[in-house]
Amino acid sequence: MRRLRDCPISSSLNLPIFSPLVADLSIETAVRQQHGPLYIAGIDEAGRGALAGPVVAAAVMLPLDNPDALAQLAEVNDSKQLTPLARERLFSRITHHASSYAIALEPAEVIDEIGILPATKRAMSTAVTQLPLPAQHLLIDGNIRLPTLNLPQQAIIRGDAHSLSIAAASILAKVTRDWLMVELDAAYPAYGFARHKGYGTANHLAALAQHGPCPHHRHSFAPIRPTLIP
């Protein structure tokens, strides 16, 4: 059995596109079979492509040695494949049954200052460091690595559709961000944030053309920059 310090700090796992799009524990099981019983955290974000609001990241460590708790999470899957009601129901289950979880965000002004990818990585790294239990191995959705964290980590393309830990993180990040955008809608009702959650829908773009951006819009994003030109 390889020791933890022998594990690669970073690797990439690009699963075949014909893999079943149902998240399970196959990846987590493979990691533990190779490296031993580690604390594995799945990491995902929500809001990276939006025009307004924060980017939110979550890190989740599932109770891999507790079959009864895992049975309560059988419906967990990629948040994009779930209805809003299902996501909120599973949010409660995940936060109740997870061994550890944390949620972090970076607001629009930070995204404008450092860029969306660095802001996303910062939110992800913050979520990992805020986990009550220290993670020993990271499974990260997409082609993202977190160089500020000296931990073994795998970047997994479409990871939220394959890894149950990442899928759980995707739900926490998505539900949290949706709640935040509903709160913004109350403060800025002209934009319809509760409906489109800050993404570039036709209604959102029309509201931007009529009212200009609010302080929570990402002013560095191309669809918004033209509205700032006198």
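Brief remarks on what is shown
- Result for the chain in a Gaussian network model with C-alpha springs under 10 Å: among Val56, Val182, Val76, the largest mean-square fluctuation is at Val182.
- Net length available on complete extension from Asp24 to Ala222 is 67.5 nm, with 0.36 nm assigned per residue and the Cα-Cα distance removed.
- The ranking of Glu106, Glu183 by Cβ neighbour count inside 10 Å, starting from the fewest, reads Glu183, Glu106.
- Ordering of 124-137, 208-221, 153-166 by burial proxy (mean other Cβ atoms within 10 Å per residue, highest first): 153-166, 124-137, 208-221
- The stretch 171-230, relative contact order in percent, only Cα pairs under 8 angstrom and at least six apart counted: 21 percent
- The calculated FRET efficiency for the pair Ile114 and Ala186, based on their C-beta separation and a Förster distance of 30 Å, comes to about 0.60.
- Between the listed residues His196, Ser125, Val22, the Cα displaced farthest toward the positive end of the dipole of the chain, a dipole computed from Cβ unit charges relative to the Cα centre, is found at Ser125.
- Listed options for semi-axes √(5λ) of the Cα gyration tensor in Å are (1) 26, 20, 17; (2) 31, 19, 16; (3) 33, 19, 14. The value calculated from this structure is the one marked (3).
- Ranking Gly53, Leu85, Trp179 by how far each Cα lies toward the positive end of the dipole of the chain (charges on Cβ) leaves Gly53 at the top.
- Basic side chains Lys and Arg get +1 at the Cβ, acidic Asp and Glu get -1 at the Cβ, and with that the dipole of the stretch 19-228 about its Cα centre reaches some 340 debye.
- Ordering of 93-100, 199-206, 167-174, 139-146 by burial proxy (mean other Cβ atoms within 10 Å per residue, highest first): 167-174, 139-146, 93-100, 199-206
- Given charges at Cβ of Lys, Arg, Asp, Glu: the chain dipole, positive-most of Ala209, Leu38, Thr148: Thr148
- Approximate spin-label separation Leu70-His96, in nm, with each point projected 7 Å along Cα-to-Cβ: 2.0 nm
Here, each number is a calculation from the coordinates, and none is a lab measurement. Model, not experiment: these values are computed from the prediction. Ideal geometry is used to build each Cβ from the backbone, glycine not excepted, and the neighbour counts take in all protein chains shown.
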